[in-house]
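These notes concern the structure reproduced below.
Throughout, read-outs are computed from the coordinates displayed, never taken from laboratory work. Just so it is clear, the model here is predicted, and its values are computed rather than measured. Note that each Cβ is placed from the backbone with ideal geometry, even for glycine, and that neighbours are counted across all protein chains shown.
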Amino acid sequence: MSQPAHSTESTVPPAAPPRPPTFAEAFRFWLKLGFISFGGPTGQIAIMHTELVEKRRWISDSRFLHALNYCMLLPGPEAQQLATYIGWLLHRTWGGIVAGALFVLPSMFILWALSFVYVQYGKVPWVEAIFSGLKPAVLAIVLGAVIRIGQKVLKNEVMWTIAALAFIAIFFLHVPFPAIIIAAATTGYFGGKYWRHKFLILGGHKGKDGKESASLISDAATSPDHARPE
């Protein structure tokens, strides 16, 4: 008797990883990102996730979120650090330099232009109107980013509880940020050892058909030669 049609569909392997981008292709993307990365770190991270994980599949969900966690532990702007790290993974040292530099250069020139307008002409009504219109749009970008990233990470009641406690601690109790990070890291360490099914939940990116799609850089794939410890 022949197998049902649906049983063969379940054995279809995931799509092959995308073609590695050339340096020029990556350069154009990082330049574009510098002009569209509105919404502060939260919005910038969400834009990178949409572009790099979902559309281009240059990096997997799990690798992206692991890198984000490391960058959150470092002092400085985590969104730029994340871009620099991914650029380095793709094209070594120059990839990281280009990604990190183009992440801030467009906004720097725009800021210079706005500063010149302010110094030369003072308060300009149409400039103030532009920023007033941007406020609700940026708020929507940030809220959308929080929801998008939250859906990727908050997979069960334990993750939701940790997120809620962290919010209460920093917003209502004014607990220092380093203390929250240390408490969360400690919880994750012991949770990963003794409650693995609740803490080790990050997986690959799944497409619209529900099947996991391969990414160029992922935890499952072999790391680039320059990313391996000697």
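Size check on segment 143-204: the Cα extents along the three principal axes, sorted descending, read 33, 30, 17 Å.
Each label point was placed 7 Å from the Cα along the Cα-to-Cβ direction; for Thr22 and Tyr189 their separation is 4.7 nm. Applying 0.36 nm per residue to the separation of Lys32 and Lys155 and subtracting their alpha-carbon distance, the gain on full extension is 41.1 nm.
Suppose the chain between Arg196 and Ala221 were pulled fully straight at 0.36 nm per residue; how much longer would it get relative to their current alpha carbon spacing?
That works out to 6.8 nm of additional length.
For the chain, the relative contact order works out to 32 percent when only alpha carbon pairs closer than 8 Å and six or more residues apart are counted. Per-residue packing, averaged as other Cβ atoms within 10 Å, sorts the ranges 127-133, 61-67, 165-171 into the order 61-67, 165-171, 127-133, beginning with the highest. Within segment 145-203, the trypsin sites (Lys or Arg not before Pro) that combine a DSSP coil assignment with at most 15 other C-beta atoms in a 10 angstrom radius are Lys155.
In the chain, the longest principal axis of the Cα atoms and the axis of helix 23-36 are about 50 degrees apart. Projected label points at Glu128 and Leu143, each 7 Å from Cα along the beta carbon direction, are separated by 2.6 nanometres.
Summarised as an ellipsoid, the chain has semi-axes of 34, 25, 19 Å, derived from the eigenvalues of the Cα gyration tensor scaled by 5 and square-rooted, with the largest first. Count the lysine pairs in the chain whose Cα atoms lie under 20 Å apart, taking only pairs 8 or more positions apart in sequence or on different chains. Close lysine pairs under the 20 Å cut-off: 16. All C-alpha pair distances within segment 40-107, sorted into 5 Å bins from zero, spread as 4, 18, 29, 31, 16, 2 percent across the bins.
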